[in-house]
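Data block below; observations after.
The values are calculated or read from the model by the stated rules, or taken from the named source; none is laboratory data. No experiment lies behind these values; they were computed from the predicted model shown. Because the Cβ atoms are built from the backbone with ideal geometry, glycine has one as well, and the counts that use them run over all protein chains shown. To get the accessible areas, we keep the full protein, side chains included, count just its heavy atoms, and leave off ligands, DNA and RNA. Shrake-Rupley method; radii C 1.70, N 1.55, O 1.52, S 1.80 Å.
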Amino acid sequence: MPHRFPERTARPRRYLMCRPTYFTVEYAINPWMDPSRPTDTTLAVRQWERLCALYEELGHTVELIDPVPGLPDMVYTANGATVLDGRVLVATFRHAERAAESEAHESWFRSGGYREVRRAAHVNEGEGDHLLVGRRVLAGSGFRTSPAAHTETRDVFGLQVLGLDLVDPRFYHLDTALAVLADDQIMYYPAAFTPDSQALLRSLYPDAILAEREDAEVFGLNAVSDGRRVLLPEAAKSLAARLADAGYEPIPVDLSELFKGGGGPKCCTLELRPA
Ligand code: ARG
């Protein structure tokens, strides 16, 4: 029988990660965070180390930025910058609690030989809200990144940037509601977007995988794909089955501690794209 989908091919990736040495939930800036609920930093570190090891087993390269005491959310490196073609647009955070992460990222990139490193002029939470699909950037706004930041992203990288409006506070970053699977395919949770943004996504990606509420609520869309293997929270069972049906190889990961901060595998992973 002929395949219903093209052969999925993996491409080796380079990721920036940050050990959750100082991870805890001591403030609440998204609906998942509850400072009265205890966190287990040792377990968070162990789960994060497993994620790192998985990337390496899959042939990817992991680079590390040092964690900074007092910045418990620094483990979510996806928010630190957007890196395309060796150019770096360092994040400017919405909340004061995370503001100092920009400095840490900026100095990491400045010493890393990138051809251009600049700080975003507007609120811009990096890859949390900017996802590259082929040569097009999908950019979220509504809760964190400001729409003005999308224009800056377009000017800095010279790529098409399409704005998408988020409406559900539980899906406050684009990467909690949409994941890039391959250069021409995505999966997303429609109800996280305004009707106009849903229509735009439908017309651009008619073959996208649409997630159900149950999978979205366990952060199933906070997934990392290398084009073939897709790492996603293990609780997103039916989404994993749908990915397998579409020719991908789902790899379940347990990041239950980091979920308490409102993040999953993608939040802990910033893709570095050298020139
Ligand atoms: N506690 C962090 C915040 O609210 C979680 C960030 C999750 N990162 C992401 N890329 N969605 O900012």
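Miscellaneous remarks
- Flag if residue 137 is under 20 Å from residue 271 (Cα atoms), part of a strand (DSSP E or B) and either hydroxyl-bearing (Ser, Thr, Tyr) or in contact with a Leu (Cβ under 8 Å, 6 or more places away or on another chain) (or both): yes
- Some residue of segment 203-225 being farther than 25 Å from residue 24 by Cβ, in a helix (DSSP H, G or I) and of a type in the set (A, V, I, L, M, F, W, C): yes
- Lone qualifier among 220, 227 - being open to solvent by less than 10 Å² (accessible area, probe 1.4 Å) and either of a type in the set (A, V, I, L, M) or in contact with a helix residue (DSSP H, G or I) (Cβ under 8 Å, 6 or more places away or on another chain) (or both): 220
- Restricting 164, 132 to those that are within 15 Å of the ligand (Cβ to nearest atom) and closer than 19 Å to residue 194 by Cβ reduces the list to 164.
- Any hit, segment 204-213, residues being out of contact with any Asp or Glu (no Cβ under 6 Å at 6 or more places or on another chain) and either surrounded by 22 or more Cβ atoms within 10 Å (Cβ to Cβ) or at positive phi (or both): yes
Let's see how each residue does on (1) touching a residue at least 40 places away in the same chain (Cβ under 8 Å); (2) among the hydroxyl-bearing types (Ser, Thr, Tyr); (3) open to solvent by 30 Å² or more (accessible area, probe 1.4 Å); (4) touching a helix residue (DSSP H, G or I) at 6+ places or on another chain (Cβ under 8 Å):
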residue	(1), (2), (3), (4)
154	no, no, yes, no
167	no, no, yes, yes
176	yes, yes, no, yes
179	yes, no, no, no
196	no, no, yes, no
199	no, no, yes, no
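- The set of residues in segment 25-50 that are more than 11 Å from the ligand (Cβ to nearest atom), touching a helix residue (DSSP H, G or I) at 6+ places or on another chain (Cβ under 9 Å), touching a residue at least 12 places away in the same chain (Cβ under 8 Å) and closer than 23 Å to residue 270 by Cα comprises 41, 43, 44, 45, 47, 48.
- Segment 116-129 - residue that is of a type outside the set (Asp, Glu) and buried (at least 22 other Cβ atoms within 10 Å of the Cβ) and, of those, nearest to the ligand (Cβ to nearest atom): 128
- Segment 231-275: number of residues that are under 26 Å from residue 21 (Cα atoms) and either in contact with a His (Cβ under 8 Å, 6 or more places away or on another chain) or in a strand (DSSP E or B) (or both): 9
- Test for residue 92: is it over 22 Å from residue 145 (Cα atoms) and touching a helix residue (DSSP H, G or I) at 6+ places or on another chain (Cβ under 8 Å): no
- Within segment 90-105, residues that are without any contact (Cβ under 8 Å) to a residue 12 or more places away in the chain have Cβ atoms under 7 Å from residues that are open to solvent by 10 Å² or more (accessible area, probe 1.4 Å) and not in a helix (DSSP H, G or I) in these pairs: 99/93, counting only partners at least 6 apart in sequence or on another chain.
- The listed residue being over 22 Å from residue 150 (Cα atoms), at pLDDT below 95, away from the ligand (no atom under 16 Å from the Cβ) and open to solvent by 10 Å² or more (accessible area, probe 1.4 Å), out of 113, 59: 113
- When 228, 170 are screened for being basic (Lys, Arg), out of contact with any His (no Cβ under 9 Å at 6 or more places or on another chain) and within 16 Å of the ligand (Cβ to nearest atom), only 170 passes.
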